[in-house]
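Colleague: Okay, here's the structure, questions in a sec.
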Amino acid sequence: FDDLRPISESTADLPKGGRFDGTLKLKGDTGKKSTMKVDVKINKLIAGRSDLKGAIQITNLDQPKFAMGTQSEFLDVDGLRAAFGGGGDDEEASKKPQKDENPHGLSKSTRDLLAGVSGKANLQAKKALVKGMTMSNFNGTLIMTRGVAKFDKLDFGFYGGTVSATGTSLDLPSERTKYAIDFDAKNVDFGAFLADMTPLGKLFKGTVSP
C-alpha cells in the first residue's frame, strides 16, 4: 500500500506496510460510474497485524453496493481503526485532534464515502481484537445501508463463554460513531473480564449468563 498512499487524501488512509495478493476485475463504462462493476478476489491481504482472504463484488460506483465474504486468522479491529484513521506518518497519526475533527478514527473523506455505500458482508475470524478485548470464533453477517451497519448475525467466544450480539448497529458516517448494542451472554467469566479491563483485579468471581 505504500506506493498508493501518496496518490490522494482517500488512499492516504491505507495502512503503512500493507500488502494485497489477489486479482481485481473491472467492467463497465469508465465515463459512467453507475455502470461499473468490480470483482476482487483476495488470496491474502495483510494490514497491520490483521490478515484476510475472501472475495468482494461492488456494483454502481456512484452509489456503491457490495457483496463480501471474508475469513481471517486474526482481525485486529483496534489496529485497523488506527491505521485507517488519519493517513500521514505514524508520528502525525498519534497526535489526536482536539475537538471533533476526526473523533472516531475515520477521516472526513472516508466518512463521506461510506455515507453512499450499501451491501452485505459475511465475516469470519478465528480471533479478533476489539477495544482491547479478545474474541474467538467471530462469525457475523452485516447489512449496510448508506453507511449504517447492522449485524443480522453476530456470535463469538468471549472469556470462556459465548456472546450473541445480533441486532447491534453502527452509524459509521456519523461525526461521532453511534452504537446500538444488543447482546446475550452465556458462561462469560465476568471476574476475568474485570481483572483484565479494570483496576478491580480478582475482586469479583463468577460467570454471566441470562
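The values are calculated or read from the model by the stated rules, or taken from the named source; none is laboratory data. Remember, predicted model here, so these are calculated numbers, not experimental data. In this analysis, Cβ positions are derived from the backbone assuming ideal geometry, glycine residues included, and neighbour counts consider all displayed protein chains. For accessibility, only protein heavy atoms count, side chains too; no ligands or nucleic acids. Shrake-Rupley method; radii C 1.70, N 1.55, O 1.52, S 1.80 Å.
Colleague: Per residue of segment 21-32, in order, report the coupling 6.51 cos²θ - 1.76 cosθ + 1.60 (Karplus, θ = phi - 60°) as ³J(HN,Hα) in whole Hz, putting x for Gly and Pro.
Modeller: 10, x, 10, 9, 10, 10, 10, x, 8, 5, x, 10
Colleague: Roughly how many nanometres apart are two label points built 7 Å out from the Cα toward the Cβ at residue 39 and residue 74?
Modeller: The two pseudo-label positions are separated by 3.3 nm.
Colleague: Next up: So if we plug the beta-carbon distance of residue 187 and residue 146 into 1/(1 + (r/R0)^6) with R0 = 30 Å, what FRET efficiency do we get, rounded to 0.05?
Modeller: The calculated FRET efficiency here is 0.20.
Colleague: At a probe radius of 1.4 Å, what is the per-residue accessible area of residue 19, in Å² to the nearest 10?
Modeller: My reading of the accessible area for residue 19 is about 130 Å².
Colleague: Hey, another quick one. Determine how large the accessible area of residue 130 is when every protein chain is in place; take a 1.4 Å probe and give Å² rounded to the nearest 10.
Modeller: My reading of the accessible area for residue 130 is about 40 Å².
Colleague: Rounded, prolate or oblate: pick one for segment 118-168, where a ≥ b ≥ c are the square roots of the eigenvalues of its C-alpha gyration tensor, a/c under 1.5 means rounded, and failing that, prolate if a/b is larger than b/c, else oblate.
Modeller: Taking the square roots of the gyration eigenvalues as a ≥ b ≥ c, segment 118-168 is prolate.
Colleague: Which of the peptides 163-175, 181-193 is most tightly packed, and how do the rest follow, judged by the mean count of other Cβ atoms within 10 Å per residue?
Modeller: Result, highest mean first: 163-175, 181-193.
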